[in-house]
Amino acid sequence: MELYFAPFEGISGYVYRNALNRHFGQIDKFFIPFILPNQFGKLSYKEINDILPEHNEGMHAVPQILTNVSEDFLCTAKILETYGYNEINLNLGCPSRTVVTKGRGAGFLANPEKLDRFLDDIFNRVTINVSIKTRIGMYEAQEFESIMNIFNQYPVSELIIHPRLQKDMYKGTPDLETFGTSIKKSKMSVCYNGDIFTKEDYERFKERFPEINKIMLGRGMLTNPGLAREIRTGIKTDRVILKAFHDEILENYKEVLFGEKTVLFKMKEFWFYVGNLFLDAEKYIKKIRKAEKIGLYESIVNQLFSDKELI
C-alpha cells in the first residue's frame, strides 16, 4: 500500500512536511498545497519557498496547481519542471466557495465541456506527468460518470478520488458506491481519499476495496500525525515523539515567520486538530487558544504534555 499526505493550504507547508517526515515518516508522496497562477506568470515568495528542492529533501513531493486556464497551467508546469519536478497535480477537488465561484477546484467539474478542452490542451503540450485530485461532482453523484469519461480520454498519471460532492464540503460520509463504480471504469491508476482517521478505518476500507493500493490521508493525519506509521507498523503515537514533532514546528516557525502573533496563529491551527488526541484536555486547549505570548503558550503546552495522556 502506498500512503500519500494530502495538501492543506496554510497548514502543510514545508516546515510541517519536513517535521512530519523526520519524526513519523511512512509517507510515499507529499502533495504541496496548491499554487495559484497569476497574471505575471511567476510564483510568489511563499510558493517558491514551498517547492524549493532543499525544502523537500528526503521526500517525494508533488506540487499542485489550481487553475482553469490551460496557458496558466502550462506556464506553471514549465517553472516547476525547472526545479526538477517530474509530476504535478491538478486540483479539481477544493470545495471552498471562493474557489468554486471562479470555476476552479471542484467548481471546474460543473463545466465538463470546458474541462475537456482544458485537459486536451494541457496533455497535448505538457512535458511532465500530470495527476488529478478530484471530487465526484458539484451537486449529484451522477455527474461523475461523464467526468470519468473525460478523464479516461487522457494520459492522467494518477487519479485521486475524494468521493464527495462540492456541496458536501467535508460533511456526511464519502460516497463509496460511486467510488466503487468509478474504479471499475477507470483506465488510470486510482488513489482513494476521504475519512481515513484511524487504522480501523483503513482496514475497513481495504476489506471493501482490496484492489486499491494507494490511499491519500488528509484530516486524519492532521489529527494524528502518526497515522501513516500506525497503519504501516502498528506503533501508536506517543507523547514523546508528538512533543518533539510540535517543538520542531514551533522553532522553525519562529525562524521563518514574522512576529509572535503569526507564529501563534499557526500553532493554534496545529492544536485545532492535534488537541483531539489528548484525553480531557479541553481546559488546556482553551488556554492555548487564548494565549497571546509565545512564552505563555509554551508553558501551557509543556503542562499539557506533562499532565494528559493520549487517547
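The values are calculated or read from the model by the stated rules, or taken from the named source; none is laboratory data. Because the structure is predicted, anything quoted here is derived from the model rather than measured. Every residue, glycine as well, gets a Cβ built from its backbone with ideal geometry; the counts of neighbours run over all protein chains shown. Accessible surface areas use protein heavy atoms only, side chains included; no ligands, DNA or RNA. Shrake-Rupley method; radii C 1.70, N 1.55, O 1.52, S 1.80 Å.
Side notes on the structure shown:
- Candidate set: segment 93-138, residues that are of a type in the set (Gly, Ala, Ser) and under 25 Å from residue 215 (Cα atoms); chosen: the one surrounded by the fewest Cβ atoms within 10 Å (Cβ to Cβ): 96
- Matching residues in segment 248-295 - criterion: being within 25 Å of the chain's Cα centre (by Cα), of a type outside the set (A, V, I, L, M, F, W, C) and within 17 Å of residue 308 (Cβ to Cβ): 273, 275, 276, 289
- Per this entry, residue 118 is counted among residues that are assigned to a helix (DSSP H, G or I), touching a Ser or Thr at 6+ places or on another chain (Cβ under 8 Å) and either within 29 Å of residue 150 (Cα to Cα) or not polar (S, T, N, Q) (or both).
- Selected residue [among the aliphatic types (A, V, I, L, M), over 15 Å from the mean Cα position of the chain (by Cα) and closer than 22 Å to residue 246 by Cβ] from 6, 19: 19
- Residue among 171, 184 that alone is within 18 Å of the chain's Cα centre (by Cα), without any contact (Cβ under 8 Å) to a residue 40 or more places away in the chain, more than 23 Å from residue 36 (Cα to Cα) and open to solvent by 70 Å² or more (accessible area, probe 1.4 Å): 171
- Scanning segment 139-149 for residues that are within 24 Å of the chain's Cα centre (by Cα) and open to solvent by less than 60 Å² (accessible area, probe 1.4 Å) turns up 141, 143, 144, 147, 148.
- Any chance residue 71 is open to solvent by 10 Å² or more (accessible area, probe 1.4 Å), within 18 Å of the chain's Cα centre (by Cα), under 21 Å from residue 36 (Cβ atoms) and not polar (S, T, N, Q): no
- Complete set of residues in segment 201-237 that are outside any helix (DSSP H, G or I) and open to solvent by less than 70 Å² (accessible area, probe 1.4 Å): 209, 212, 214, 215, 216, 217, 218, 224, 225, 226, 234, 237
- Scanning segment 278-311 for residues that are open to solvent by 40 Å² or more (accessible area, probe 1.4 Å), out of contact with any strand residue (DSSP E or B) (no Cβ under 6 Å at 6 or more places or on another chain), outside any helix (DSSP H, G or I) and of a type outside the set (Asp, Glu) returns 279, 293, 311.
- The set of residues in segment 151-168 being surrounded by fewer than 17 Cβ atoms within 10 Å (Cβ to Cβ) and not in a loop (DSSP other than H, G, I, E, B) consists of 167 alone.
- The residue list 234, 180 contains one member that is small (Gly, Ala, Ser) and either under 24 Å from residue 310 (Cβ atoms) or in contact with a Cys (Cβ under 7 Å, 6 or more places away or on another chain) (or both), which is 234.
- Of the residues making up segment 251-263, those that are assigned to a helix (DSSP H, G or I), in contact with a helix residue (DSSP H, G or I) (Cβ under 6 Å, 6 or more places away or on another chain) and of a type in the set (A, V, I, L, M, F, W, C) number 1.
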